[in-house]
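Following: one structure in structure tokens, then a few remarks.
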Amino acid sequence: MFIVVCALHLWKLGSAPKGFYVDEASIAYNAYCIGQTGADEYGTHWPVFFRCFDTYTDAVDVYSAVLPIRFLGLNQLTAHLPSALFDLMACVAFFILLRQWRVGEWLALAGAVAFSVVPWVFPLSRNGAFAGHTAALMGLVLGLVLTDAALRRRSNGLAILAGVAWALAFYAHQSIRPVLALLAAGSAVVLWRSLVRRWRVVLVMLGSAFAVLLPMIISVARIPQALTARFNQVGLSSETGSVWNMVTGVASRYADYFGPRFLFISGDDELRHHTGHGGELYWCLVPLILAGLYVAIRYWRSQPRYRVVLIGLLVSPVAAALTIDRMHSTRGVYAVVFWLTLAVIGARALWHHKRLGRKLLVVICAAGLIECGAYLADYFGPYQARCRKTFQTAFTEALTYCFNHVHGNQVLYVSGSVGTTCSTSVDPDFKPFVYMYLLYYGRIDPWTYQHGGFSNTIIRPYLERIDRPGLLLRCNYTPDRLQTPFKALPNDESIPTNAILAAMFSERPLDYEVYEVRR
């Protein structure tokens, strides 16, 4: 079964989805820089946070891609690989957690398989921009496994490992940090007596986590915006005008993550996060989750683990509810651990009812196989066409063509109109976003870029004049620099008189044109 799950995660990993989003390019190129020079694109050596687009990307995203890119090359497969591997490790950890909670070997295996192919997680495992999320999932599940074992056995060694796992999750992604803090606080309240009896183990775990987190603490003390920059961009407070609007906005967003529309009907509207096929969870899980909720609430007092599951379920959407976007699956993905745990608890309860429960469980499993098969068929089939525009496939195909056909003394002239693909105007250095695509697809030497930008490369901005032969890349639309919000206008820039159209890549309404130009 594990081989089948691995095959699903690794099959066509470098080509499905075919395009490459700018966040993926940024993470991959910074990993390339670290592998070549030990510094990021800005020349900062071994940073804890990567500045990137002034969003200060978390370390795990980049560092996990360094070795694959260093030894297997800079390409989409190596950029996607860390996210897939973290998700596979999270599945194994989830299996261990369920076995540790004595739900039964087969139910534990079924839960781990469901974890691997659930719509909430599967698309993230095949996207290079989400290695931090899948690493955070792995850290969360592994932290639960090791903490449970450490407290049960009163083991300081396991407590040290648990602290390392929680610290890894804390490093992995900013969206899980408030979730972990609230999970720890809530668990401390409901498990107070048990934790007091094992206070030495708890102190060892906290000390271990603090030691591993020390580099992050020092980095944040030096650059405070590293911890808050991204939240300042997407936080709900940036849009709300009053405290009341803030409270109602957070409450309504929080409720979204427990609603049937998000969980079972349509999910996240962003095709990078979700395929658009059904919700974030399978319909077949509904009766299992309801049964699990019944069991967990009924035995709340006698089963400490059920208390942790319910608290985890309640706190998981908090970070997502504090941001502008509604029903944003990646920021609330940590809830999947607790939803699936409840489903397995419910499945065990059904199994114990030999007459009706077991028959119902067989029907649910059969329906689940059909539903999962339909989802995967859609993912590797129609979804690959639906998501082309989201992953900016036509633009990336145009860049691949350009860098494969620029030779010798030739130059690649890049029109500012290509900023349309990122819904932004670009400056002469192609910032804020386009420059990263040029660095990634051009395989620009990190040392050269760190010390001279694009000035010593074959890439030049197109200023409607040509001084060396090469290729010109432009778009048929161009950003309106005076318009807010973003608006695109037909591109009326002049094309060199001796230019020859060599290739065109379309994603309507945008066409990316590549011209051969001579001096």
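The values are calculated or read from the model by the stated rules, or taken from the named source; none is laboratory data. Remember, it's a predicted structure, so these values are computed and weren't measured experimentally. Cβ coordinates were reconstructed from backbone atoms using ideal geometry, including for glycine residues, and neighbour counts include every protein chain displayed.
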_Return the residues of region 96-108 that are assigned to a helix (DSSP H, G or I) and over 25 Å from the mean Cα position of the chain (by Cα); say none if nothing qualifies._
Arg99, Gln100, Glu105, Trp106, Leu107, Ala108
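Residue-wise test of (1) among the acidic types (Asp, Glu); (2) more than 20 Å from Trp101 (Cα to Cα); (3) free of Cβ contacts under 8 Å to residues at least 12 places away in the same chain.
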site	(1), (2), (3)
Trp300	no, no, yes
Arg307	no, no, no
Leu310	no, no, no
His328	no, yes, no
Val333	no, yes, no
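Table: residues versus (1) surrounded by 24 or more Cβ atoms within 10 Å (Cβ to Cβ); (2) closer than 26 Å to Asp378 by Cβ; (3) modelled with pLDDT of 95 or more.
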position	(1), (2), (3)
Thr37	no, no, yes
Val48	no, no, no
Tyr56	no, no, no
Asp61	yes, no, no
Pro119	yes, yes, yes
Gly143	yes, no, yes
*Got a number for residues in region 322-332 being closer than 15 Å to Leu263 by Cβ and touching a Gly at 6+ places or on another chain (Cβ under 9 Å)?*
2
_Residue satisfying condition, being within 30 Å of Ser194 (Cα to Cα) and buried (at least 19 other Cβ atoms within 10 Å of the Cβ), within set Pro317, Pro304_ = Pro317
*For region 349-356, does any single residue satisfy the condition of being surrounded by fewer than 16 Cβ atoms within 10 Å (Cβ to Cβ) and touching a residue at least 24 places away in the same chain (Cβ under 8 Å)?*
no
_Quick check on this structure: which one of Arg388, Arg358 is of a type in the set (Lys, Arg), farther than 22 Å from Ile495 by Cα and in contact with a Leu (Cβ under 9 Å, 6 or more places away or on another chain)?_
Arg358
*asked:* Here is a list: Ala84, Ala93, Ala65, Ala28. Which entry is free of Cβ contacts under 8 Å to residues at least 60 places away in the same chain, assigned to a helix (DSSP H, G or I) and either within 20 Å of Leu227 (Cα to Cα) or in the same structural domain as Pro123 (by TED's automatic domain parsing) (or both)?
replied: Ala93
*Kindly provide the set of residues from region 460-519 that are out of contact with any Phe, Trp or Tyr (no Cβ under 8 Å at 6 or more places or on another chain), within 15 Å of Val406 (Cβ to Cβ) and not in a loop (DSSP other than H, G, I, E, B), ordered by number.*
Tyr515, Glu516
*Within the bounds of region 385-402, is there any residue that is free of Cβ contacts under 8 Å to residues at least 60 places away in the same chain and surrounded by fewer than 21 Cβ atoms within 10 Å (Cβ to Cβ)?*
yes
*asked:* Tell me the residue from Val309, Val250, Val286 that is over 24 Å from the mean Cα position of the chain (by Cα), among the β-branched types (Val, Ile, Thr) and in a helix (DSSP H, G or I), please.
replied: Val286
*asked:* For Pro446, only one of the following conditions fails: (1) farther than 25 Å from Ile27 by Cβ; (2) modelled with pLDDT of 95 or more; (3) not hydrophobic (A, V, I, L, M, F, W, C). What is its number?
replied: (1)
*Which of the residues belonging to region 195-205 are assigned to a helix (DSSP H, G or I) and closer than 12 Å to Ala150 by Cβ?*
Leu195, Arg200, Val201, Val202, Leu203, Val204, Met205
*Are any of the residues in region 5-24 buried (at least 24 other Cβ atoms within 10 Å of the Cβ), in a helix (DSSP H, G or I) and at pLDDT 90 or above?*
yes
*Restricting attention to region 68-81, and to residues there that are free of Cβ contacts under 8 Å to residues at least 12 places away in the same chain and not aromatic (Phe, Trp, Tyr), which single residue is nearest to Val4 (Cα to Cα)?*
Leu72
*Pick from region 208-247 the residues that are surrounded by 13 or more Cβ atoms within 10 Å (Cβ to Cβ), in a helix (DSSP H, G or I) and of a type in the set (S, T, N, Q): which of them is modelled with the lowest pLDDT?*
Ser237
*Using the structure shown, decide if Leu203 is surrounded by 12 or more Cβ atoms within 10 Å (Cβ to Cβ) and in contact with a helix residue (DSSP H, G or I) (Cβ under 8 Å, 6 or more places away or on another chain).*
no
